[in-house]
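Asker: Please see the structure below; I have some questions.
The values are calculated or read from the model by the stated rules, or taken from the named source; none is laboratory data. As the structure is a computational prediction, the values presented were derived from the model and not from experiment. We place every Cβ from the backbone using ideal geometry, glycine too, and count neighbours over all the protein chains shown.
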Amino acid sequence: DIEDDNDDDYENNTDTSSASTGGVAFWQISEINVHTFILHHDESQAEQLDDDDNDEEELTACEVLSLPHASLQKSWESLILPPHTKSHLLSYTQSALLFGN
């Protein structure tokens, strides 16, 4: 009689979690985003200011790098910013890229 009760319990508990039955958990992935990039190794390009008064000396306004650049590869991890600033910057950049096209 005890064996019959155990068999009935087993048949009625087929919806138990995988941890209690020793089964394998099933995960369903609905979406995977893959982003690839190529690190640029080219030299920076200097942007010069036009100075009409002095033709001999050119003033450098900025230097332009193609991104992502190999020289900046580990810089993001070394930034110390207030909480959530990095995620906000990434969200802003994604929005700018989306609406810039």
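Asker: Out of all the residues in segment 62-101, which are of a type outside the set (Val, Ile, Thr), assigned to a loop (DSSP other than H, G, I, E, B) and more than 17 Å from HIS35 (Cα to Cα)?
Answerer: Taking segment 62-101 and keeping what is of a type outside the set (Val, Ile, Thr), we get 62-63, 65-79, 81-84, 86-92, 94-101.
Still in the list and also assigned to a loop (DSSP other than H, G, I, E, B): 65-68, 73-74, 79, 81-84, 101.
Listed by number, the residues that qualify are LEU65, SER66, LYS74, LEU79, LEU81, PRO82, PRO83, HIS84, ASN101.
Asker: I've got another one for you. Being under 22 Å from the mean Cα position of the chain (by Cα), assigned to a loop (DSSP other than H, G, I, E, B) and not aliphatic (A, V, I, L, M) is the filter; apply it to segment 34-53 and report the residue that is modelled with the highest pLDDT.
Answerer: From segment 34-53, those under 22 Å from the mean Cα position of the chain (by Cα) are 34-41; that's our starting set.
Okay, now just the ones that are also assigned to a loop (DSSP other than H, G, I, E, B), so 34-39, 41.
Cutting the leftovers down to not aliphatic (A, V, I, L, M) gives us 35-37, 41.
Details: HIS35: 78, THR36: 86, PHE37: 84, HIS41: 94.
Per the criteria, the residue is HIS41.
Asker: When you scan segment 54-66, how many residues do you find that are modelled with pLDDT of 85 or more and out of contact with any Leu (no Cβ under 6 Å at 6 or more places or on another chain)?
Answerer: Qualifying residue count, segment 54-66: 6.
Asker: Would you call GLU31 of a type outside the set (A, V, I, L, M, F, W, C) and at pLDDT below 80? Even if it seems obvious, please write down each step before you answer.
Answerer: Values: of a type outside the set (A, V, I, L, M, F, W, C): yes; at pLDDT below 80: no.
Criteria not met by GLU31.
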